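J.: First the structure, which I've put down as structure tokens, then a few questions once you've had a look.
Readers should treat all values here as calculations from the given coordinates under stated rules, not as data from a laboratory. All figures in this text were calculated on a predicted structure; none of them were measured in a lab. Every residue, glycine as well, gets a Cβ built from its backbone with ideal geometry; the counts of neighbours run over all protein chains shown.
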Ligand SMILES: [Zn+2]
């Protein structure tokens, strides 16, 4: 799943969580839940680096927009949700930049085993991102 979608789902999870610790844990759980539903993917990261770089930059921009639009009283738990939701995918930059994942082999094996990827599901990824962004925009407007 695109990291942008993990960013946006982490923001939603954080907004719904009572505090930053629960938001972090729920964010991690949301990552594995989203990775287990059918989504876009093309195997090993070297095969889709052009998409990964673009997605990473869009994800960073999404974090900046979410942080700017989230009222201060909710910001920590929303950012904790985003952190938890993105944390499990540190295996990808870990492999690219350092040649190894930061996680135990059992965690990486579980992460790979739950993937249900298809290279034909990019439209679904975009639709999920736009839907999550719309929900976050409504929530931000209501909480001001
Ligand atoms: Zn993942």
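J.: Tell me what the chain gives for mean residue ellipticity at 222 nm when only DSSP H runs of n ≥ 4 count, each as -39,500 (n - 2.57), the sum divided by the residue total, rounded to 500 deg cm²/dmol.
T.: Taken over the chain, the calculation gives -22000 deg cm²/dmol.
J.: Using Cα centres only, tell me the gap between the range 112-144 and the range 1-66 in whole Å.
T.: Cα centroid to Cα centroid, the span is 9 Å.
J.: On to the next question. Using the count of nearby Cβ atoms within 10 Å as a rough guide to exposure, how do 49, 1 rank from fewest to most? Show your work: numbers first, answer last.
T.: Details: 49 12, 1 24.
Neighbour counts put them in this order, fewest first: 49, 1.
J.: Pull out a ≥ b ≥ c, the square roots of the eigenvalues of the alpha-carbon gyration tensor of the range 76-144, then state rounded if a/c is under 1.5, prolate if not and a/b is larger than b/c, and oblate in the remaining case.
T.: Working: a/c = 2.80, a/b = 1.57, b/c = 1.79.
It comes out oblate by the Cα gyration axes.
J.: When you count, for each residue, the other Cβ atoms within 10 Å and take the mean per peptide, how do 91-101, 70-80, 119-129 rank with the highest first?
T.: Final packing ranking: 70-80, 119-129, 91-101.
J.: Across 5 Å bins from 0, what is the distribution of all Cα-Cα pair distances for the chain, in whole percents?
T.: Calculated over all Cα pairs of the chain, the distribution is 2, 10, 19, 23, 21, 14, 8, 3, 1 percent.
J.: Just need the relative contact order of the range 3-142 here, percent rounded to a whole number, with Cα pairs under 8 Å and 6+ apart.
T.: Relative contact order here is 42 percent.
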